[in-house]
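Take a look at the structure set out below.
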Amino acid sequence: MRMSYSDYDPACLPDLLPLYYRRLFPFSQYYRWLNYGGVQKNYFQNREFSFTLKDDIYVRYQSFSTQNELEKEMQKMNPYKIDIGAVYSHRPNQHNTVKSGSFQALEKELVFDIDMTDYDDVRTCCSAADICSKCWTLMTIAIHILDRALRDDFGFQHLLWVYSGRRGVHCWVCDEAARKLSAAGRSAVAEYLSLVKGGEETVKKVVLTDPIHPFISASLEVVEKYFLEYAVQDQDILGRKECVDKVLALVPEDVRNELQTKMKGVKQPEKLWKMIKNEAKNKQGTVKKGQHFEKEIMLQYCYPRLDVNVSKGVNHLLKSPFSVHPKTGRISVPIDLKEVDSFDPFVVPTISRICEELDRPRTEEEKSEESQDKENEKDAVETRKMRDYKRTSLAKYVKYFDSFLDGMTRSWKGELLRKSDDQMEF
Amino acid sequence: MQFQRRHRKLGTNPQSELYLQPLQFYGEPPLENISLAEFETFAVERLKLLKTVENLGVSYVKHSSQYKLKMDNELRLLHFPYRPDTKRRKDHISHFILRLAYCQTEDLRRWFIQQEVDLFRYRFTDLPPQQKLEFLHKNNLKYNTLSDKEKNELSDKLLMSSYSVSGVTVEKLEFYKVPFQDALDLVRSRKVYLKAGFAFVPQQDIVTIVLNDFRTRLSKALALTARSLPAVHSDERLHPLLNHLSHAYLGQDYSIQKNVGKISLEQIDSLSGKSFPLCMRQLHQALRENHHLRHGGRMQYGLFLKGIGISLEQALQFWRSEFIRGKVDADKFDKAYAYGIRHMYGKEGKRADYTPYSCMKVILSNPPSQGDHHGCPFRHSDPELLKQKLQFYKVSPSSITQIMELVKGMHFQLACQKYFEVTHNVEDSSFSLSHPNQYFIESQKALGGGKDPKRDVDVPQKVQETSQHLAETAEDLEALFKDG
């Protein structure tokens with residue numbers, strides 16, 4: 001396995017989780033997020049949480065009336081994994097007591113799940129659950145493309161990108177309009193964003209037809225920035241003969257034969273790619289179908305592959321931010337969009353690392369802060385917990401999460417202001 | 001029966017006003033009393049109508065001139081014209097009766113909505129332009145149009161987003177600025193330009209908006225109806241009829257088994273070559289090769305196996321023995337996969353007895369993606385690969401050409417039926433293929449030399465009939481599935 005979890009041993013998880021939930025998990029930010037400013041009644045209270053406990057025991061339909069209750073329960077159960085579900089019509093923990101049929105999922109963030117295993121046919125570096133810094137570029141591309149489209153095309157503003165803890169990323173679109181989207185709306189958005197289609201029985205998974213939609217052009221612009229370095233150099237998709245054949249399988253048959261003759265003897269991948277591009281340019285003038293093959297190749301190798309089923313259902317569960325990945329020990333941390341290109345999954349802290357960091361001796365500065373705390377005995381416990389995560393490498397991720405939440409708060413404050421302004425005008 | 005008591009406004013008669021319009025969103029339920037006999041006739045006739053809409057949609061390219069022609073004919077034969085207002089009452093009432101029958105499960109709702117939307121689309125497209133506009137205004141579908149300045153700024157993007165618009169006409173064309181939630185079908189297929197949450201819809205695509213609205217209203221209405229259903233079910237005259245009507249939508253559902261355990265696991269390999277439709281053969285092969293199938297594949301194949309009579313115990317043994325040859329050990333299988341299999345057999349979760357997937361479901365829902373082997377090979381394979389596969393299965397070149405023609409015309413079920421005929425040496429099969437399990441039964445029948453060892457796979461049990469009249473209705477319905 002290429003990914004080394006040198007500092008993490010899954011056998012220690014049961015010992016680390018209590019510490020994590022007692023001293024490090026950012027409950028107050030977490031509650032602030034899911035409460036959405038208290039704008040809608042019972043929004044937090046009717047939210048489903050689901051816990052995965054030791055030995056894959058799965059407990060669905062958990063719900064909590066306060067932040068405190070959530071905290072207490074998580075500290076009691078010490079879940080290996082936390083999933084977030086929908087906001088229901090009733091409290092999920094009472095779902096058995098309401099008449100069947102009336103317990104319904106009403107709202108949820110619009111979510112996207114991109115998993116590296118879905119790229120197995122176009123990665124040469126790793127397969128299945130493995131990732132490396134080479135193929136991680138695929139996630140970077142995915143974030144750029146989807147983030148742009150969700151903002152510019154769909155007008156969403158509050159997008160939380162989260163590392164899944166192992167081999168992928170999640171996106172939580174938190175705008176009110178996104179949370180209220182119907183199942184049909186969700187699937188329409190997901191399909192608008194899906195370009196790579198077909199399973200094991202389909203070789204050519206991207207087919208473009210004229211005219212090329214502005215969304216596709218914008219996505220291609222992103223791919224073009226990465227393609228040469230990522231695909232041609234790092235993945236070496238035009239290296240070995242089998243690889244070249246795989247690429248050429250995406251080219252229309254007549255062009256393929258021409259290209260094969262021209263490419264004979266040429267070995268440098270960059271040159272080969274240039275030849276394919278030129279061929280496409282030459283063919284562009286002809287009226288024949290399939291003149292976009294160079295674009296189709298780029299998209300098939302680089303375009304984000306969404307798990308559409310996760311996005312479609314209002315009631316679909318998705319792993320929560322700040323949950324631990326039991327296999328890697330890494331925390332599901334939010335990704336700062338400003339730093340997405342330098343985001344390195346291997347640097348994301350593991351639970352063992354941040355727990356260790358807690359045990360480090362305190363610096364002078366921290367000590368003096370602590371003595372101040374003692375003067376204000378009442379909030380001491382609360383403040384200590386706040387300080388605790390700040391002493392670990394989790395701090396910067398929580399800080400980013402805070403700024404994300406601030407952005408949301410500003411927007412609904414603006415909304416409230418506008419509403420009250422409207423009322424002032426007679 | 002009376003649907004609902006409401007006070008009518010003095011001086012107006014909303015019903016007759018409603019019937020003045022050629023088309024409606026079915027926003028108001030009918031308020032009159034009708035006889036039980038009329039209730040039944042209307043219901044059965046509407047069902048026939050929707051079955052026809054479904055069949056035509058499968059056999060013809062929707063909205064082609066051929067489709068339109070057929071639709072015209074069929075609607076006339078079924079006495080469902082909508083232009084002269086005399087029959088509009090029947091259209092109205094029968095729609096609401098079927099709502100009662102088709103609101104109960106998600107599958108039923110999906111089918112009903114799909115057919116009603118197709119019917120509506122056909123009718124709306126057929127209206128003259130003036131009436132289309134009137135309809136939009138009556139139903140509060142008013143959107144802002146783009147100013148010339150906006151159009152100029154965006155003309156490139158607008159041009160690139162619409163198949164039907166060419167450069168010259170962008171200026172002349174009206175574009176509506178519509179929240180994207182109201183134009184989902186156009187968004188889904190990227191047939192419209194999107195900016196900041198608004199879709200810019202060219203005037204000729206406005207029909208899609210209307211349909212989207214109709215679909216949303218209908219979907220909400222069905223959910224509401226489902227909630228008030230217990231009251232209707234307490235009516236012993238209606239309950240059995242409604243139940244029977246809802247059983248009718250896909251004909252046989254292949255869930256009730258009498259020959260459970262008659263097939264042994266050892267037989268599956270040979271049966272998969274002889275009697276499985278291509279989709280199941282493909283799944284079986286993938287399972288044997290990879291010792292694994294992803295969720296979509298397990299569902300499609302697992303329920304099919306259940307449908308041919310594999311018992312729960314057999315199924316567990318079958319999947320376990322295959323999975324543990326791959327990356328999954330017995331312990332992981334029992335934890336992660338056995339639940340799903342018991343679930344299929346109604347032994348877990350909400351304990352619903354799941355029915356095997358029909359062709360429509362396989363073709364239309366949950367298309368395969370990376371790593372998946374499920375779906376319909378005629379719908380979801382590259383034509384080249386499909387051709388190779390057929391060659392590998394020793395289908396003659398001329399038959400392959402025929403099959404590929406059908407695939408090209410999007411007649412996937414017909415292509416599969418052709419494949420059946422070729423591989424079973426029958427000239428003209430006497431059934432109309434709509435279900436993988438039906439394929440299996442027909443294949444066993446054909447291979448058994450006319451007599452049918454599996455014939456005791458039965459149609460869903462009929463609900464107890466309460467009157468002679470109902471029994472006749474039932475027979476009528478039975479006939480409907482046969483030719484459906």
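Observations
- A:LEU70 meets the conditions (1) touching a strand residue (DSSP E or B) at 6+ places or on another chain (Cβ under 9 Å); (2) within 14 Å of another protein chain (Cβ to nearest Cβ); (3) touching a residue at least 24 places away in the same chain (Cβ under 8 Å) in every case but one. The failed one is (2).
- Among (1) within 13 Å of chain A (Cβ to nearest Cβ); (2) crowded, with 19+ Cβ neighbours inside 10 Å; (3) of a type in the set (D, E, K, R), the one test that B:ASP205 misses: (1)
- A count restricted to segment A:288-324 and to residues that are at positive phi and modelled with pLDDT under 95 stands at 1.
- Complete set of residues in segment B:362-404 that are assigned to a helix (DSSP H, G or I), of a type outside the set (A, V, I, L, M, F, W, C) and open to solvent by 70 Å² or more (accessible area, probe 1.4 Å): B:ARG379, B:PRO383, B:GLU384, B:LYS387, B:GLN388, B:GLN391, B:PRO397, B:SER398, B:THR401, B:GLN402
- Residue satisfying condition, being at the interface with chain A (Cβ under 10 Å from one of its Cβ atoms) and of a type outside the set (S, T, N, Q), within set B:PRO367, B:PRO356: B:PRO367
- Any hit, segment A:273-291, residues being closer than 23 Å to A:MET116 by Cα and assigned to a loop (DSSP other than H, G, I, E, B): no
- Scanning segment A:89-131 for residues that are farther than 23 Å from A:GLY239 by Cβ, of a type in the set (S, T, N, Q) and within 9 Å of chain B (Cβ to nearest Cβ) turns up A:SER100, A:SER102, A:GLN104.
- Helices (runs of 4 or more DSSP H) wholly inside segment A:113-223 that include at least 2 residues being open to solvent by less than 10 Å² (accessible area, probe 1.4 Å): A:133-148, A:183-192
- Looking at B:PHE198, B:PHE135, just one residue is farther than 23 Å from A:LEU208 by Cβ and either within 14 Å of another protein chain (Cβ to nearest Cβ) or in contact with a Cys (Cβ under 7 Å, 6 or more places away or on another chain) (or both), and that residue is B:PHE198.
- Residues that are over 30 Å from B:SER219 (Cβ atoms) and at the interface with another protein chain (Cβ under 10 Å from one of its Cβ atoms) do occur in segment A:181-200, at least one of them.
- Among the criteria (1) open to solvent by 10 Å² or more (accessible area, probe 1.4 Å); (2) in a strand (DSSP E or B); (3) of a type outside the set (Val, Ile, Thr), the one A:SER102 does not fulfil is (2).
- Failed condition for A:THR261, given (1) closer than 16 Å to A:TYR119 by Cβ; (2) among the hydroxyl-bearing types (Ser, Thr, Tyr); (3) open to solvent by 70 Å² or more (accessible area, probe 1.4 Å): (1)
- Annotation: of all residues in segment A:386-418 being of a type in the set (D, E, K, R), assigned to a helix (DSSP H, G or I) and over 23 Å from the mean Cα position of the chain (by Cα), the one that is surrounded by the most Cβ atoms within 10 Å (Cβ to Cβ) is A:ASP388.
- Restricted to helices (runs of 4 or more DSSP H) entirely inside segment A:1-81, those with at least 3 residues that are under 22 Å from A:LEU160 (Cα atoms), open to solvent by less than 10 Å² (accessible area, probe 1.4 Å) and not basic (Lys, Arg) are A:27-35.
- None of B:PHE304, B:PHE318 is within 30 Å of B:GLY448 (Cβ to Cβ) and under 29 Å from the mean Cα position of the chain (by Cα) except B:PHE304.
- From the options B:LEU271, B:LEU222, B:LEU278, B:LEU283, residue that is assigned by the TED database to the domain that holds B:GLU40 and open to solvent by less than 40 Å² (accessible area, probe 1.4 Å): B:LEU222
- Identity of the residue in segment B:145-169, open to solvent by 90 Å² or more (accessible area, probe 1.4 Å) and modelled with pLDDT under 85, that ends up farthest from the other protein chains (Cβ to nearest Cβ): B:VAL168
- Among the residues of segment B:330-344, at least one is away from every other protein chain (no Cβ under 14 Å) and buried (at least 19 other Cβ atoms within 10 Å of the Cβ).
- When B:MET299 is tested against the conditions (1) open to solvent by 50 Å² or more (accessible area, probe 1.4 Å); (2) in a helix (DSSP H, G or I), the lone failure is (1).
The values are calculated or read from the model by the stated rules, or taken from the named source; none is laboratory data. Every value quoted in this text rests on a predicted model; they were computed, and no experiment measured them. So basically every Cβ, Gly included, is an ideal-geometry build from the backbone, and we count neighbours across all protein chains shown. These accessible areas exclude ligands, DNA and RNA; they are computed on the full protein's heavy atoms, side chains included. Shrake-Rupley method; radii C 1.70, N 1.55, O 1.52, S 1.80 Å.
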